[in-house]
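Report on the structure given below.
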2 protein chains.
Amino acid sequence: MEILKQRILTQGKNLGHGILKVDGFINHQVDPHLMDECGRELARRFAHIGATKVLTAEISGIAPALLTAFHLGVPIVYARKHKPITMPDQVFLTLSPSHTKGNIVEMIVSPEYLRSQEKVLIIDDFLASGQTIQGLVRLAQAAGATVVGIGTVIEKTFEGGRAVLSDLQIPIESLATIADMSDGKIVFAA
Amino acid sequence: MEILKQRILTQGKNLGHGILKVDGFINHQVDPHLMDECGRELARRFAHIGATKVLTAEISGIAPALLTAFHLGVPIVYARKHKPITMPDQVFLTLSPSHTKGNIVEMIVSPEYLRSQEKVLIIDDFLASGQTIQGLVRLAQAAGATVVGIGTVIEKTFEGGRAVLSDLQIPIESLATIADMSDGKIVFAA
């Protein structure tokens, strides 16, 4: 997606160690029009898979997932890191390592909103190591739901997430795919 | 906003102690079309105040704030509870009691995205005690920015937040105002 790639090149920053700073337009400050374009494009790419729900992880998955769900016309559920008092005692819970913080976080979804007949499209801001998305897959599977697609805004191929998820044999789409961030570069895949 | 009130009456649940469960359409599962309508209406009500940025708090403020910002055509910034590695060392930080969890949370905004000339519209899902919104006001003030309005999806008048915020002498708008939740009821203000 060309406007996204241009934005990454002009406003993104390679902080080293594979860390891409995009908090000026994706995950702290958010450009709602860019997110709308991302959501529209992800919805277009997944229009054929019959998703009944979009699933994401708080926090930075919410914006792209919300707008993808908007353009697909389905609800979105975001997995919580802490169980709020409004949630029932019996929940779906999985543990996921946070690759940016080095700790383990909980991911929690209420069984009220993830059911066995659902066809789930997982959306997140980044596909890096794939561990957050694997956690979302486990939550969907715990509910007996079927994961029918995975879409992310930015993929870093050199962290191997796509290979980790390939066993699922479902479509995986990213709007901007970065192949190389060594030596301060930001190089998109051809 | 009538469609929101009807949704609260049909799908919301009064859990007692002033707790309103709306996690089927606002803050766990989210109805993106309802959020779009809420964002459109908040943008309409604040169209005249010249906001240059929408400010909210993660997590459940993100959806309504994103769509309000979309319809206003301005960026949104969400205050983080944990400082990510992409954020500079020098930040705006305030402490806020979490009324649903009973603990104190940090609210952090990068100075990169909140500047002294900004006119800030604060958007959140709930106006209850007003403490989260007061935290956002402090962050904006720390940046030297001007808070020009406060908008929320649901207000619970019996928790007193509006009175707490009235010293600011700025417009405060809520799309559904609940006056009474005693005895299992959900009663909207006239």
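When residues in the stretch B:162-190 are screened for being assigned to a loop (DSSP other than H, G, I, E, B), open to solvent by less than 50 Å² (accessible area, probe 1.4 Å) and closer than 13 Å to B:Leu20 by Cβ, 2 of them pass. Among the residues of the stretch A:148-161, how many are open to solvent by 10 Å² or more (accessible area, probe 1.4 Å) and free of Cβ contacts under 8 Å to residues at least 40 places away in the same chain? Selection size over the stretch A:148-161: 2.
Does A:Glu58 satisfy being closer than 30 Å to B:Thr52 by Cβ and free of Cβ contacts under 8 Å to residues at least 60 places away in the same chain? Yes. Residues in the stretch A:56-104 that are open to solvent by less than 30 Å² (accessible area, probe 1.4 Å), farther than 17 Å from A:Leu139 by Cα, aliphatic (A, V, I, L, M) and over 14 Å from the mean Cα position of the chain (by Cα): A:Val74 only.
Among the residues examined, A:Thr10 qualifies as without any contact (Cβ under 8 Å) to a residue 24 or more places away in the chain, surrounded by fewer than 21 Cβ atoms within 10 Å (Cβ to Cβ), more than 7 Å from chain B (Cβ to nearest Cβ) and over 19 Å from B:Val54 (Cβ atoms).
Evaluating A:Phe25 against the criteria (1) in contact with a helix residue (DSSP H, G or I) (Cβ under 8 Å, 6 or more places away or on another chain); (2) farther than 20 Å from B:Val109 by Cα leaves one unmet condition, (2).
Put simply, of A:Met107, A:Met35, A:Met1 the only residue that is open to solvent by less than 50 Å² (accessible area, probe 1.4 Å), in contact with a helix residue (DSSP H, G or I) (Cβ under 9 Å, 6 or more places away or on another chain), more than 10 Å from chain B (Cβ to nearest Cβ) and closer than 19 Å to A:Thr177 by Cα is A:Met1. Could you look through the stretch B:112-122, keep only residues that are surrounded by 15 or more Cβ atoms within 10 Å (Cβ to Cβ) and within 12 Å of chain A (Cβ to nearest Cβ), and pick out the one that is nearest to A:Phe25 (Cα to Cα)? Per the stated criteria, the residue is B:Tyr113. Whether a residue is of a type in the set (Ser, Thr, Tyr) and over 25 Å from A:Leu175 (Cβ atoms) was assessed, and A:Thr132 does not pass this test. Every listed requirement among (1) touching a Ser or Thr at 6+ places or on another chain (Cβ under 9 Å); (2) at positive phi is met by A:Leu42 save one, (2).
Regarding the stretch A:41-55, can at least one residue be identified that is open to solvent by 10 Å² or more (accessible area, probe 1.4 Å), more than 9 Å from chain B (Cβ to nearest Cβ), part of a helix (DSSP H, G or I) and free of Cβ contacts under 8 Å to residues at least 12 places away in the same chain? No. List pairs: first residue in the stretch B:14-34 and at pLDDT 95 or above, second residue of a type in the set (Lys, Arg) and assigned to a loop (DSSP other than H, G, I, E, B) anywhere in the structure, Cβ distance under 7 angstrom, at least six positions apart or on different chains. From residues that are at pLDDT 95 or above, the pairs are B:Asn14/B:Lys185. Kindly check whether there is at least one residue in the stretch A:41-51 that is more than 22 Å from A:Gly135 (Cα to Cα) and among the acidic types (Asp, Glu). The answer is yes, given that some residue of the stretch A:41-51 is more than 22 Å from A:Gly135 (Cα to Cα) and among the acidic types (Asp, Glu). Residue under question is A:Gly24, and the condition is that it be facing another protein chain (nearest Cβ under 10 Å), under 21 Å from B:Arg40 (Cα atoms) and open to solvent by 10 Å² or more (accessible area, probe 1.4 Å); does it hold? The answer is no for A:Gly24.
The values are calculated or read from the model by the stated rules, or taken from the named source; none is laboratory data. What you are looking at is a predicted structure, and each value in this text was computed from that prediction instead of being measured. Glycine also receives a Cβ, built like all others from the backbone with ideal geometry; neighbour counts cover every protein chain displayed. These area figures cover heavy atoms from the full protein model, side chains too; ligands, DNA and RNA do not enter into them. Shrake-Rupley method; radii C 1.70, N 1.55, O 1.52, S 1.80 Å.
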